[in-house]
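Report on one structure; see the data block that follows.
The values are calculated or read from the model by the stated rules, or taken from the named source; none is laboratory data. A quick note: this is a predicted structure, and the numbers were derived from the prediction, not measured. Every residue, glycine as well, gets a Cβ built from its backbone with ideal geometry; the counts of neighbours run over all protein chains shown.
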Amino acid sequence: MQLALVTNIKQYHGLTFNIHTSTCKYASCMTSHMMWTTIQKLFSHIMATNDSTAPVLSEDYNVIWPQNNSAIKLTTFGRQLLQKCAIVNKPDADNISIESFMIQSNDFPLQFGTDTCRVMSQPTQRHTAIREQIASAYPLIHERVLYLYLAFLEHKNKYGNEIERAIYADITLTALVQRLLVKRCAAFYGCIDKYLLITGEKGYGGFCEVGTDEEKAPLQLENVLSYDEIKLSAFLSISSQTEFINDGNRYNEGVIEVDKSKIETEGIVIGMIGGRFQVKEAMEWQDIMITATQNTKENGYGFSTQEAAVANKRNVDYRRIWTDFYEEADLIYEKVKAQHSKRFFIKPNVNYIFDNLMMKKRYAISFDTLLLEAESRGAYLNKQIYIHVVGIGLGSWRAVPQQEKIFLETFGERLQQLLPQLSHISVVHFSYFVSSAWANLQDGSLMLSETHPEGGIKIFMSNRNPSEKLPPEYKNMLVLESYAWAGNALPGNDFWLGALASSGDPAAACSTLISELHNPHINTAMVNGNNLHVVSPRFGMLHIADYAKKILQ
């Protein structure tokens, strides 16, 4: 009997009620929830002993974050900037000319990795649809990120050095977003920060000095992003409708699929950015890695909110921005190293401690952005969405082995948390993950929802190419492809160096029109700071002016 119980709990681990849709697809969500809550409590002690299925974080640290409709503080400085956002004019999509768009593309100074994925190479009978795709593009951020950007600007205005103040004095929020879009490199990659600038200049290193007295041309703050800004840019996505010219496989290299019956010919694409740990004490390293040299009082770590206000120091205030954003106190290395907690991963013979909880919170913002954007697109187009999910930050950027588990665990929780709002998402398909099940995600399962027109969201965890033809039962759905982007590169990244099969980033550029549609130097009318959209669990997707008006009411 005991063996049978253990087998069952493995089969039904998590919150998802794994059922055959042909028999009980519309079963009561409340009954299912109560059933599995009881099962989880009854057998939690059994599951806790199995490391292959136990949650990465224990219940003490497994906080559901962010909470829906959580209050976010707005300072006087932030309110003033938000008031300026309220009068921003949304770009007029009616004035878009596909001929002018192609001229602007031809004027772009860098050579494309391939021309097959450009508008000029598409059949003229598709131009009407492509014009709509151009008009559909916009940059977007989570509403918590909006407040992060406001706090960043307030910090730089108060504590910035002379170089920084020359940039940030009187800058608006939408102007900051414009900087994050247009001052990025064309390509930026590797642990030594190899880069290709829009000017065609190439090199490596030097970005840690940008914005300081040690910066050197061409890597100066007036021309490129600092690491502080790249960290902000990692939360900024671009989304649009697009053509699919092939199935989007990793090695597609822009070869046009002649047999259109093999692929989805159009859909939606969004670039998502994971945590980057390739440079110590920069980007997500600052928040997720705990080290003896970084996590000290001298570097601004470990101050309470009250202590930070009294300290009145640049590094302390900079850390306050991030502790406020994540709603999690900074930690001192000496106080953490002796702890034995599932929150912290301590690997022998390395000089860092990895904070699983902070990694989870970093992922949560990205996943909420993806899910709420998919819902918004589906509602606008009156279509059910089939989301193609790939790992972000799980390739060359991966820092620890359990990151995929944290990714899936967090995604499942965010999906569950937002489920009542996701009536236009029918399928979430996790592709090219090692696991075929984790936490409340299982291949072939249904995440039940009483408010969903199909009874819930179907989960798949198997390998597929982003724009390959959907099975017949999903033929009326629209694919939304997420791809792993970078915070300091144009869409495609290595694509601009001619490396078309190096990663998912150039693969996405080769199979869609994003090298133009998402390019702020080409689609200038729509991919700009004034067309910033804010995704919110409270309000859905809104243009920045509409969002600001709601908050300021």
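Kindly indicate the residue of the stretch 257-283 that is crowded, with 21+ Cβ neighbours inside 10 Å and among the small types (Gly, Ala, Ser) and also farthest from the chain's Cα centre (by Cα) among those meeting that condition. Per the stated criteria, the residue is GLY267. Among the candidates PRO109, PRO139, the residue that is in the same structural domain as SER366 (by TED's automatic domain parsing) and exposed (fewer than 14 other Cβ atoms within 10 Å of the Cβ) is uniquely PRO109.
Restricting the stretch 349-365 to residues that are in contact with a helix residue (DSSP H, G or I) (Cβ under 7 Å, 6 or more places away or on another chain) and outside any helix (DSSP H, G or I), the residue that is nearest to ILE141 (Cα to Cα) is ASP355. Restrict the check to the stretch 365-378 and report whether at least one residue is closer than 21 Å to VAL479 by Cβ, modelled with pLDDT of 95 or more, of a type in the set (Val, Ile, Thr) and surrounded by fewer than 22 Cβ atoms within 10 Å (Cβ to Cβ). Checked against the condition, which is being closer than 21 Å to VAL479 by Cβ, modelled with pLDDT of 95 or more, of a type in the set (Val, Ile, Thr) and surrounded by fewer than 22 Cβ atoms within 10 Å (Cβ to Cβ), the stretch 365-378 yields no hits at all. The stretch 249-327 holds helices (runs of 4 or more DSSP H) entirely within its bounds, and those carrying 2 or more residues that are in contact (Cβ under 8 Å) with a residue 24 or more places away in the chain and not aromatic (Phe, Trp, Tyr) map to 285-288, 314-326. When restricted to residues that are charged (D, E, K, R) and crowded, with 21+ Cβ neighbours inside 10 Å, the stretch 194-215 contains 0.
For (1) in contact with a strand residue (DSSP E or B) (Cβ under 9 Å, 6 or more places away or on another chain); (2) crowded, with 20+ Cβ neighbours inside 10 Å; (3) of a type in the set (D, E, K, R); (4) within 30 Å of LYS202 (Cα to Cα), each residue gets a yes or a no:
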position	(1), (2), (3), (4)
ALA501	no, no, no, yes
ASP505	yes, yes, yes, yes
LEU517	yes, yes, no, yes
VAL535	yes, yes, no, no
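Within the stretch 93-132, the set of residues being outside any loop (DSSP other than H, G, I, E, B), closer than 17 Å to THR512 by Cα and in contact with a helix residue (DSSP H, G or I) (Cβ under 7 Å, 6 or more places away or on another chain) comprises ILE98, PHE101, MET102, SER105, VAL119, MET120, HIS127, ILE130, ARG131. Restricting attention to the stretch 189-200, and to residues there that are within 23 Å of the chain's Cα centre (by Cα) and in a loop (DSSP other than H, G, I, E, B), which single residue is farthest from ALA489 (Cα to Cα)? If we take residues in the stretch 189-200 being within 23 Å of the chain's Cα centre (by Cα) and in a loop (DSSP other than H, G, I, E, B), then CYS191 is farthest from ALA489 (Cα to Cα).
For (1) under 21 Å from the mean Cα position of the chain (by Cα); (2) basic (Lys, Arg), each residue gets a yes or a no:
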{"position": "HIS452", "(1), (2)": "no, no"}
{"position": "LYS475", "(1), (2)": "no, yes"}
{"position": "ALA486", "(1), (2)": "yes, no"}
{"position": "LEU497", "(1), (2)": "no, no"}
{"position": "THR512", "(1), (2)": "yes, no"}
{"position": "ASN530", "(1), (2)": "yes, no"}
{"position": "HIS533", "(1), (2)": "yes, no"}
{"position": "PRO537", "(1), (2)": "yes, no"}
{"position": "HIS543", "(1), (2)": "yes, no"}
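Inside the stretch 404-461, can you point out the residues that are over 17 Å from LEU480 (Cβ atoms), surrounded by fewer than 21 Cβ atoms within 10 Å (Cβ to Cβ) and among the acidic types (Asp, Glu)? Scanning the stretch 404-461 gives GLU404, ASP443, GLU450.
Would you check if ARG320 is crowded, with 18+ Cβ neighbours inside 10 Å and touching a Phe, Trp or Tyr at 6+ places or on another chain (Cβ under 6 Å)? Criteria not met by ARG320.
Scanning the stretch 218-239 for residues that are without any contact (Cβ under 8 Å) to a residue 60 or more places away in the chain and in a helix (DSSP H, G or I), we see that the one that is nearest to LEU140 (Cα to Cα) is GLU229. LYS347 satisfies every condition listed in (1) in the same structural domain as GLN402 (by TED's automatic domain parsing); (2) surrounded by fewer than 23 Cβ atoms within 10 Å (Cβ to Cβ) except (1). There is no residue in the stretch 201-217 that is part of a loop (DSSP other than H, G, I, E, B), more than 26 Å from the chain's Cα centre (by Cα) and at pLDDT below 95. Could you say whether any residue in the stretch 372-394 is among the aromatic types (Phe, Trp, Tyr), in contact with a helix residue (DSSP H, G or I) (Cβ under 9 Å, 6 or more places away or on another chain) and closer than 12 Å to MET272 by Cβ? No, the conditions are met nowhere in the stretch 372-394.
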